[in-house]
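First the structure, in the form of structure tokens, and then the observations on it.
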Amino acid sequence: MVLVKQIKSANVLENCFDNSDSFFLFIYANWCGHCKDMKPDMEKFKKEVSGKSNNVFIGCIEETDVKKDPKINEVLTKYKIEPKGYPTIVYGKKNEPPKELKGERDLNNFNSIFKELCKQSGKKSLLSLFKKKRTKKRKKRKKRKRKTTRKTTRKTTRKKRKKRKN
């Protein structure tokens, strides 16, 4: 399940990192103009993704929370995340070095990164499993149709042959 959290303490951050395969972190400041511009897209993204079944942790860390709990910075450095400015958007797999988002900070870019994280995690979403089941059912139906059409064509050809003989 996708875990979406507003991080306010180091313990919560540590637990989220430990219990997920991949992560997507937004580190922002309320006074920053770029962060204010990015915030609506970030909120839409969190709403869209919160119902998905992948084991991805999406966290939001506000700059004031880092000042209140300096241990958050220790946890970030443990996972090799060093925010140099605001907003800092970092993503990656659990045991790999994190990647920082380069380029546009918009909903399309967030979604493409999320898809990349889902592919990396190796766990299939419920939607993809459902699609596979549907395709298997379709294949079975096609086979049945082929068999029935073959039978009916055989019967009709036999009847035609009998009529010709008579």
Ile27 meets each of (1) surrounded by 12 or more Cβ atoms within 10 Å (Cβ to Cβ); (2) outside any strand (DSSP E or B); (3) of a type outside the set (S, T, N, Q) with one exception, condition (2)
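Let's see how each residue does on (1) polar (S, T, N, Q); (2) within 27 Å of Ser22 (Cβ to Cβ); (3) at pLDDT below 70:
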site: Pro87; (1), (2), (3): no, yes, no
site: Asn95; (1), (2), (3): yes, yes, no
site: Pro98; (1), (2), (3): no, yes, no
site: Leu101; (1), (2), (3): no, yes, no
site: Leu107; (1), (2), (3): no, yes, no
site: Leu127; (1), (2), (3): no, yes, yes
site: Lys133; (1), (2), (3): no, yes, yes
Out of (1) charged (D, E, K, R); (2) within 17 Å of Gly92 (Cα to Cα); (3) in contact (Cβ under 8 Å) with a residue 60 or more places away in the chain, the odd one out for Lys8 is which? (2)
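Could you grab me the full set of residues in the stretch 7-24 that are in contact with a strand residue (DSSP E or B) (Cβ under 9 Å, 6 or more places away or on another chain) and either of a type in the set (Val, Ile, Thr) or not in a loop (DSSP other than H, G, I, E, B) (or both)?
Quick first cut of the stretch 7-24, residues in contact with a strand residue (DSSP E or B) (Cβ under 9 Å, 6 or more places away or on another chain) only: 7-8, 12-13, 16-17, 19-24.
Result: Ile7, Val12, Leu13, Cys16, Phe17, Ser22, Phe23, Phe24.
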Do any residues in the stretch 29-56 that are more than 23 Å from Cys16 (Cα to Cα) and acidic (Asp, Glu) have Cβ atoms under 8 Å from those of residues that are surrounded by 14 or more Cβ atoms within 10 Å (Cβ to Cβ) and modelled with pLDDT under 90, where the two are at least six apart or on different chains, and which pairs are they? Asp37/Arg105
Of everything in the stretch 42-68, what is surrounded by fewer than 18 Cβ atoms within 10 Å (Cβ to Cβ) and part of a loop (DSSP other than H, G, I, E, B)? Give them in sequence order. Ser50, Gly51, Lys52, Ser53
Need the failing condition index for Lys80 against (1) assigned to a loop (DSSP other than H, G, I, E, B); (2) in contact with an Asp or Glu (Cβ under 8 Å, 6 or more places away or on another chain), just the number. (2)
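The values are calculated or read from the model by the stated rules, or taken from the named source; none is laboratory data. What you are looking at is a predicted structure, and each value in this text was computed from that prediction instead of being measured. All Cβ positions, even for glycine, are placed from backbone atoms using ideal geometry, and neighbour counts span all protein chains on display.
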